[in-house]
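For reference, the structure is listed below as structure tokens.
The values are calculated or read from the model by the stated rules, or taken from the named source; none is laboratory data. Because the structure is a prediction, the values reported are computed rather than measured. Cβ placement follows ideal geometry from the backbone for every residue including glycine, while neighbour counts extend to all protein chains displayed.
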Amino acid sequence: MTLFFRKTGQGEPIIICHGLYGMSENWIPIAKVLGENYEVFLPDMRNHGLSPHADSNSYFDLSNDILELIKKNNLKNVILAGHSMGGKACMQLCVENPDIVKKLIVIDISPMGYLNFNSENKSRLNHNNILTFMATFDFSRIKTRNEINNQIFEHFKDEFTQQFLIKNIIKDENLEYRWKINAKFFWQNHSEILKEVDFKNQKITCETLFLKGENSDYIVQEDIDFIKEHFTNVEIKSIKNAGHGIHAENPFALILEMKNFLQK
């Protein structure tokens, strides 16, 4: 699939892949800083943003979409960075095409599956609530954007969820409101996003940095042990004062860690 993408800067190529519910524009502030030294590509992943919708969203699909972007733009020695769903897509690409990737940055996600975690890991398993809200939202009864915003604020109390939902609202060619994300597809098939990376009995050998939000439980000790088994050249660091949405909650610390890793 040919993805919509934004581009800024000059230098070695970096592709930053957003997570579930995200889009390229969420990463523009970070791309502008990195663009001082790198050519930064920000794709909208399939079923998100301005990229096409499809009836499949496996990590093989996502990694192939990134590969197509790399080939169409004749990129060499690519640096990949991915948050959450985007991080798993980047890991899968490293498995499928290890010679293409120079360095890998994975932001607050593990390669493990998230299907069988117990109820204590609530932040890992809250997708059903969000997707149910989005998939069953009746835009036909809405006249203004403020009406949508008010319903979001009533249903969700945390600012991070509120903001990514608000940014997912768009008016289509018929001037009717809808979600940018393919909400009904993910509502019916969100288990695809919860699956683990398929390592195919291989190890990822490129230099890799995992960045964990200090207040997030998307990477726990069990995940760290699994990561060290499957990555031969890996660092794992924690970002203070941040949960799962590191890029929104502590972008300065995220940029600093990314720069330090890239300049090694």
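One table, with the values for the structure above:
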item: Pairs with Cβ under 6 Å, 6+ apart, first in the range 72-101 and in contact (Cβ under 8 Å) with a residue 40 or more places away in the chain, second part of a helix (DSSP H, G or I) and not small (Gly, Ala, Ser); result: Val78/Ile70; Leu80/Cys90; Gly82/Cys90; Lys88/Tyr59; Ala89/Tyr59; Ala89/Leu62; Gln92/Tyr59; Val101/Cys94
item: Scan of the range 31-50 for residues that are more than 14 Å from the chain's Cα centre (by Cα), not charged (D, E, K, R) and not in a helix (DSSP H, G or I), ordered by number; result: Gly35, Asn37, Tyr38, Val40, Leu50
item: Some residue of the range 175-190 being surrounded by 15 or more Cβ atoms within 10 Å (Cβ to Cβ) and in contact with a Gly (Cβ under 6 Å, 6 or more places away or on another chain); result: yes
item: Whichever residue in the range 1-30 is touching a strand residue (DSSP E or B) at 6+ places or on another chain (Cβ under 6 Å) and aliphatic (A, V, I, L, M) and, among such residues, is surrounded by the most Cβ atoms within 10 Å (Cβ to Cβ); result: Ile16
item: Ile28 vs. criteria assigned to a helix (DSSP H, G or I) and of a type in the set (Val, Ile, Thr); result: yes
item: Among (1) at pLDDT 95 or above; (2) over 19 Å from Met23 (Cα atoms); (3) part of a helix (DSSP H, G or I); (4) in contact with a helix residue (DSSP H, G or I) (Cβ under 7 Å, 6 or more places away or on another chain), the one test that Lys88 misses; result: (2)
item: Check on Val40, in contact (Cβ under 8 Å) with a residue 60 or more places away in the chain, surrounded by 24 or more Cβ atoms within 10 Å (Cβ to Cβ) and of a type outside the set (Ser, Thr, Tyr); result: no
item: Single unsatisfied condition, Val33 versus (1) in contact with a strand residue (DSSP E or B) (Cβ under 7 Å, 6 or more places away or on another chain); (2) of a type in the set (Val, Ile, Thr); (3) farther than 22 Å from Lys71 by Cα; result: (1)
item: Glu257 without any contact (Cβ under 8 Å) to a residue 60 or more places away in the chain and within 18 Å of the chain's Cα centre (by Cα); result: yes
item: Index of the failed condition, Ser216 passing every other in (1) more than 19 Å from the chain's Cα centre (by Cα); (2) closer than 24 Å to Ala31 by Cα; (3) among the hydroxyl-bearing types (Ser, Thr, Tyr); result: (1)
item: Pick from the range 50-67, criterion of a type in the set (D, E, K, R) and surrounded by 14 or more Cβ atoms within 10 Å (Cβ to Cβ), ranking: nearest to Trp27 (Cα to Cα); result: Asp65
item: Out of Ile255, Ile219, Ile224, Ile204, sole residue that is surrounded by 13 or more Cβ atoms within 10 Å (Cβ to Cβ), β-branched (Val, Ile, Thr) and under 25 Å from Lys32 (Cα atoms); result: Ile255
item: Tabulated pairs, the range 215-243, first assigned by TED's automatic domain parsing to the domain that holds Ile109 and more than 17 Å from Phe261 (Cβ to Cβ), second of a type in the set (Phe, Trp, Tyr) and surrounded by 15 or more Cβ atoms within 10 Å (Cβ to Cβ), C-beta under 8 angstrom, 6+ apart or interchain; result: His230/Phe199
item: Enumeration of residues in the range 11-20 that are of a type outside the set (Asp, Glu) and either within 8 Å of the chain's Cα centre (by Cα) or assigned to a strand (DSSP E or B) (or both); result: Pro13, Ile14, Ile15, Ile16, Cys17, His18, Gly19, Leu20
